[in-house]
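Encoded as structure tokens, the structure appears first; notes follow it.
The values are calculated or read from the model by the stated rules, or taken from the named source; none is laboratory data. Just so we're clear, the structure is a prediction, and the values are computed from it rather than from any experiment. Because the Cβ atoms are built from the backbone with ideal geometry, glycine has one as well, and the counts that use them run over all protein chains shown.
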Amino acid sequence: MTRLVRLAFLGTLLAGAAAEAQTPPARTEADLIAAGQQAMTGPEIVALLQGNTGYYLFITKVGGVKGGTVTPAYYRDARVRLLRDGRGKVVEGNWWVDGKLACAEQQYVAQGHVCFTYYKVGPVTYVCYQPAGACSMVVRMVPGNPEDM
């Protein structure tokens with residue numbers, strides 16, 4: 001089912017033409033704000049993530065993760081996030097919301113913790129690294145834990 005869910009994600013995100021032509025462009029938070037977009041609120045982020053699995057598509061290279069990589073993350077509850085890394089290993093860490101920021105222990109791209117803002121732009125949800133404001137990922141959420149993490 002893991003492969004099917006990933007293919008469904010990519011199919012939904014990229015349907016209709018060549019993948020390169022349909023992948024949303026990387027953005028900056030400043031660009032999104034200038035276009036009138038607003039960051040999701042803390043309660044909106046919790047409703048989006050908690051109890052659901054996000055399929056994060058890296059639009060560009062981030063750290064050692066190549067653009068085009070899809071990484072699933074299951075937000076089991078209000079504290080625990082399970083992430084499947086590029087080797088297929090499931091890594092458990094904490095996540096939390098601080099104002100309009102979703103933060104997590106970082107174990108995949110770097111060590112320490114990282115925070116993001118989320119922007120819903122039409123059918124696309126951008127994920128922007130903070131404090132840099134680089135929106136280098138998009139996410140598609142699905143209910144529950146289809147990855148069995």
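Can you tell which of V80, V142, V109, V46 is farther than 19 Å from Q22 by Cβ, at pLDDT below 95 and of a type outside the set (S, T, N, Q)?
Sole residue among the options that is farther than 19 Å from Q22 by Cβ, at pLDDT below 95 and of a type outside the set (S, T, N, Q): V109.
Which condition does G99 not pass, out of (1) in contact with a helix residue (DSSP H, G or I) (Cβ under 7 Å, 6 or more places away or on another chain); (2) at negative phi, if it passes all the others?
Result: G99 passes all but (2).
Output the residue which, of all residues in the stretch 102-123 that are in contact with a helix residue (DSSP H, G or I) (Cβ under 8 Å, 6 or more places away or on another chain) and surrounded by 16 or more Cβ atoms within 10 Å (Cβ to Cβ), is farthest from D77 (Cα to Cα).
Taking the candidates together, the pick is Y119.
In the stretch 37-52, how many residues are in a loop (DSSP other than H, G, I, E, B) and free of Cβ contacts under 8 Å to residues at least 40 places away in the same chain?
Pass one, the stretch 37-52, residues in a loop (DSSP other than H, G, I, E, B): 37-41, 50-51.
Subsequent filtering for residues that are free of Cβ contacts under 8 Å to residues at least 40 places away in the same chain retains 50.
So the answer is 1.
Within the stretch 83-106, how many residues turn out to be at pLDDT below 95 and either among the aliphatic types (A, V, I, L, M) or under 25 Å from P25 (Cβ atoms) (or both)?
6
Working only within the stretch 24-36, note down all residues that are surrounded by 15 or more Cβ atoms within 10 Å (Cβ to Cβ) and part of a loop (DSSP other than H, G, I, E, B).
P24, A26
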